[in-house]
Each structure stands twice: as C-alpha cells, then as structure tokens.
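Reading through the structure tokens given below for one structure.
The values are calculated or read from the model by the stated rules, or taken from the named source; none is laboratory data. Since the model is a prediction, treat every value here as computed from it, not as a measurement. FYI the Cβ positions are ideal-geometry reconstructions off the backbone, even for glycines, and counts take in every protein chain you see. Please note that ligands, DNA and RNA were not included when accessible areas were found on the heavy atoms of the full protein model with its side chains. Shrake-Rupley method; radii C 1.70, N 1.55, O 1.52, S 1.80 Å.
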Amino acid sequence: MCFKNLSEFGVSIFFYVLVVCLFPISLGSYFIQSKLILPCIFWVSIVLSILLTLDGLFKIDYENGFFDHYLLCDYPLFFLIFTRILTHWIIVVLPLVFITPLLGLGFNLDKMEVLILFLSLLCGTPGLCFLGGIGVSLVLTLPRGGVLLTFLVLPFYIPILIFGTSSVLLFNYGLSVSVAQLAVLLLITIFSMLLAPFVIAWAFRASILS
Amino acid sequence: MSYFTFLKNILTFEFFYKKFNKFTKLLLYVSLFFFCIGLFFCFFYTPLDYQQKSMFKIIYIHVPSAFLSIFIYLCMGFFSFLYIYFNVKIADLIAMESVRIGSMFTFLALMTGSIWAKPMWGTWWVWDARLTSELILLFLYLGYSGLRFAIKNTKVASKCCAILSLVGLVNLPVIHYSVQWWYTLHQGYTLRGFFDNTISGSMLYPLLLMVIFSLLFYIASVIFSVCSRILEIEKDKVWVYKEVFTFTKKINRKV
C-alpha cells in the first residue's frame, strides 16, 4: 500500500545513498576529515528522502479509494491513521536508518558516534513521518500539492533537525549531553505521535467537503 | 435557544460591517497620533545609549513589530479555534486578513533586526534560537497564505488553514522563552513585568507608545480589510446595495 509498485522501494534508498555520497564528493577530502559535517549530511539526506516519500503516505490512498473507506468504517480514525503512518515508517524509513551505520563507518566515524547517530535517527524519524502526515492531509485534495507540502512541513522539521544533529555534534562534551538531546528528540516524537493523528483526522473530515 | 439566536444575530457579516466600519478612520488617526508622539519622543527626548550612541533607537521599530508578529499569530490562532470549534464565520475572515499584516510585521522585525545587528554584532544574521524561530514564524505565515491560495474550495480552504495555524501555535512559546532557555547571541528580556524593568524610564515610554501604535494600527487595518472582504462575499445581498447607494449618494452630494 505504500508504493505503487515494488520498484519504488528502491527509489528512496537509492536517493538517500546518492545524496549522502554527493556531499563528500563536492566537499573534497580535506573538509570531510573534520567530521563535524557528517551527522548534518545524514540528517539532511533523511529529511529530503522522507519529503520525497510522503507522497505515498495518503495520496495513494486518496487516488485508489481507500480514503473513503477510512472515513466510512466504524473503526476510530485515530488508530487507523496511527497504524498507517507507523507502517509507512517501518517500511520506508527504517531501511534508511539501518543503512546509516554502514555509511557512517565508511566515513570513518567512531563507533560511539555512529551509535548516537543511529539512535538519534531512530528517535527522530517517527516524528518526521507523523509531522509530514499533517502536511499531506492538508494538501490532500490538491492535484499538484508537492511543493506546497515541502513548504508547510519544513518549519516543523527544523527543531527535530537541530536536536538530531546536536546530539552527535555535542558528543565531545560527554555522553550525558548527547543523551539529553536524544531525550528532547524522543519527547518531540512522542508528542507528535500522540497529537498528529487527531489533527490529521480533523483535516480529513474537513477536506471531504469538496 | 434564545441565547444562540442572539449570538447568531450578533455574529453575522452585516452586523459586523455596520458596527465596526465607523471605527476604521478613528482608530487609524489615533494610531498615527501615537506614532507621531512616539517618534517625536524617540528622536528628541531619549538620551544616547552608553555603548551604542544613537544606533539603539531602531529598537522603537524592531520591538513593536516583533511583539506584533507574535500577538497577531496568537490572535490568528484564537480566531481559527473559534472558527473550527464554534463555526463563527467572521473569525475565519479575521484570521485570513491578519495573515497579510502579520507576515509584513514579521518580515519588518527580521529586517530591522538584521540592520541593527550588522553594526552591533558584526553580522547580518546568526542562527541562534530566537532568530531561527522568528524565521519559522514567517514560514508559517507564508504557508498559511499559500495553502489558502492553493485550495480552490473556500470552505475546505478555511478549515485546512485554520488547522495549520493551530498546529503552528507550538512555535510561539519557543520564540518567547528562547532567550531564557538558550544563552546565545540575542539579548535577554528587557521588559520583564510592569514594575521590574531594567530599562530606564526615558527610553521606556516611547517604546510603550510605539507598541500601542502598532496594536491600534493592526486593529484598524484588520477591521478595514475584513469589511471590504465582507462586501465582496455578500455582494448579492440587499443590504450591500443599500450601503453602496448611500455611500455614492454621499460622494455625489459632496461633489
């Protein structure tokens, strides 16, 4: 249900790996050695990949007719939306998160830094998916809402991005500092996981008027 | 039951137009009065700052526009909530018209902040918490206008934009408390309460006058925009014809 056909599964993975590889190619070997940029590269690439795949979240359901089934069946909309976005996260984003340690080791990061990066991505990406779901539900009925979706959703992605990268960048100051940033990241994610389905249900009921 | 019918009579477009349209000119002139007094005091009565000499006086535009950008977003959130929950149609119009002014004041705050920052901090922009969250606020305003422009069905557009503004309310505590939570470049609180201020009196009063000016200006322009939007929406109704007829009769009589 997440993809139109199986080949789209490779699109997100290839896009992520390619964008991550573009940065050291353009920066050159001198700047890549400084290691400060590396968590930022991974985080920005994951944000861009998630923005690409958000189209498959509810738009495909809207086109195939599943959307009307959501609204008509007696099951509470909160759980339907919650599980839909959760499965989207598991199928689409988790592969990207699991590829990251392999790429990170390829960039000569320490083992502990790779672990913190992996944990930050695990904590932060569900929040990204749920907040992206809010954006998708608002532009659902628009035929070409893709660019507007990016514009609407990016202000909400910025705090997650900031905390995600700072958890790795501040690792030099101690493990507890990184864990503090991870805790705030987890807070934002859980907050969005609990509240976003309500907002999305609201937006679904509003856009069905058309 | 009579309470609801009373409220329904109060909250129609016609009632709003007839009661509030008279205040537009008055509010505008009063706000301009405060503007002139505030600027007069600013230029002639406030002393020069110890370090910044006279450069700090851009505060008299920067602080009111920053305050107003947050206040307008609060108003927008409040009226969006009224629209979504209680289905008050005026509230949706007020929110829609506030966005234009709100985005302009946010942009003004960011621009005057940059102009002030260049001689003081040596850089046009820095990515500290308060500036970044103010930029996010600008994107939220622009996103609201973009969504309203993109969705063609007006009812669906109003509801979706109201939801967007409510979701964006999370940003406001971040802007307000950012100077308390993160100790970065932007300076801390200046106005801490009513009696506990660290700013001296002669600098404070023009600031308060400018803030009052900006509030009155916002209210005047929102009423003006909402009234013109009401006329546009209700253009098939009889009362609009009567209003336009009396208005043109007044103009012809003056000519």
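Where residues in region B:9-43 are modelled with pLDDT under 80 and among the hydrophobic types (A, V, I, L, M, F, W, C), which of them is farthest from residue B:223 (Cα to Cα)?
Of region B:9-43, the ones modelled with pLDDT under 80 are B:9-11.
Narrowing further to those that are among the hydrophobic types (A, V, I, L, M, F, W, C): B:10-11.
On the way: B:10: 16, B:11: 14 Å.
Once the filter is applied, the top-ranked residue is B:10.
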**OP:** Please tell me if residue A:149 is under 19 Å from residue A:206 (Cβ atoms), open to solvent by less than 20 Å² (accessible area, probe 1.4 Å) and not in a helix (DSSP H, G or I).
**Re:** no
Original post:
Out of A:98, A:67, A:58, A:78, which single residue is within 15 Å of residue A:16 (Cα to Cα) and either part of a helix (DSSP H, G or I) or out of contact with any Cys (no Cβ under 8 Å at 6 or more places or on another chain) (or both)?
Top reply: A:98
Original post:
For region B:82-101, does any single residue satisfy the condition of being in contact with a Gly (Cβ under 7 Å, 6 or more places away or on another chain) and either more than 18 Å from residue B:207 (Cβ to Cβ) or open to solvent by less than 40 Å² (accessible area, probe 1.4 Å) (or both)?
Top reply: no
**OP:** State which residue is least open to solvent (accessible area, probe 1.4 Å) when the search covers only region A:122-134 and only residues that are more than 14 Å from residue A:46 (Cβ to Cβ) and in contact with a Phe, Trp or Tyr (Cβ under 8 Å, 6 or more places away or on another chain).
**Re:** A:133
**OP:** Keeping to region B:145-176, report how many residues are open to solvent by less than 20 Å² (accessible area, probe 1.4 Å), more than 9 Å from every other protein chain (Cβ to nearest Cβ) and in contact (Cβ under 8 Å) with a residue 40 or more places away in the chain.
**Re:** 3
Subject >> Search result, residues across region B:133-144 that are facing chain A (nearest Cβ under 7 Å), open to solvent by less than 20 Å² (accessible area, probe 1.4 Å) and farther than 14 Å from residue B:72 by Cβ >> reply: B:136, B:143
Subject >> Hey, residue A:87 away from chain B (no Cβ under 14 Å) and open to solvent by 70 Å² or more (accessible area, probe 1.4 Å) or not >> reply: no
Subject >> Lone unmet requirement of (1) buried (at least 17 other Cβ atoms within 10 Å of the Cβ); (2) more than 15 Å from the chain's Cα centre (by Cα); (3) in contact (Cβ under 8 Å) with a residue 24 or more places away in the chain; (4) part of a helix (DSSP H, G or I) for residue A:23 >> reply: (3)
Original post:
Which residue out of A:195, A:186, A:119, A:115 is open to solvent by 50 Å² or more (accessible area, probe 1.4 Å), away from chain B (no Cβ under 12 Å), part of a helix (DSSP H, G or I) and without any contact (Cβ under 8 Å) to a residue 60 or more places away in the chain?
Top reply: A:115
Original post:
Are there any pairs with C-beta distances below 8 angstrom linking a residue in region B:237-255 that is open to solvent by less than 100 Å² (accessible area, probe 1.4 Å) to a residue that is not hydrophobic (A, V, I, L, M, F, W, C), with the two at least 6 apart or on different chains, and if so which?
Top reply: B:237/B:14; B:239/B:14; B:240/B:234; B:243/B:17
Original post:
Here are some conditions: (1) within 14 Å of another protein chain (Cβ to nearest Cβ); (2) among the aliphatic types (A, V, I, L, M); (3) open to solvent by less than 40 Å² (accessible area, probe 1.4 Å). Residue A:154 meets all but one. Which one does it not meet?
Top reply: (3)
Original post:
Is it the case that residue B:54 is crowded, with 20+ Cβ neighbours inside 10 Å and not basic (Lys, Arg)?
Top reply: no
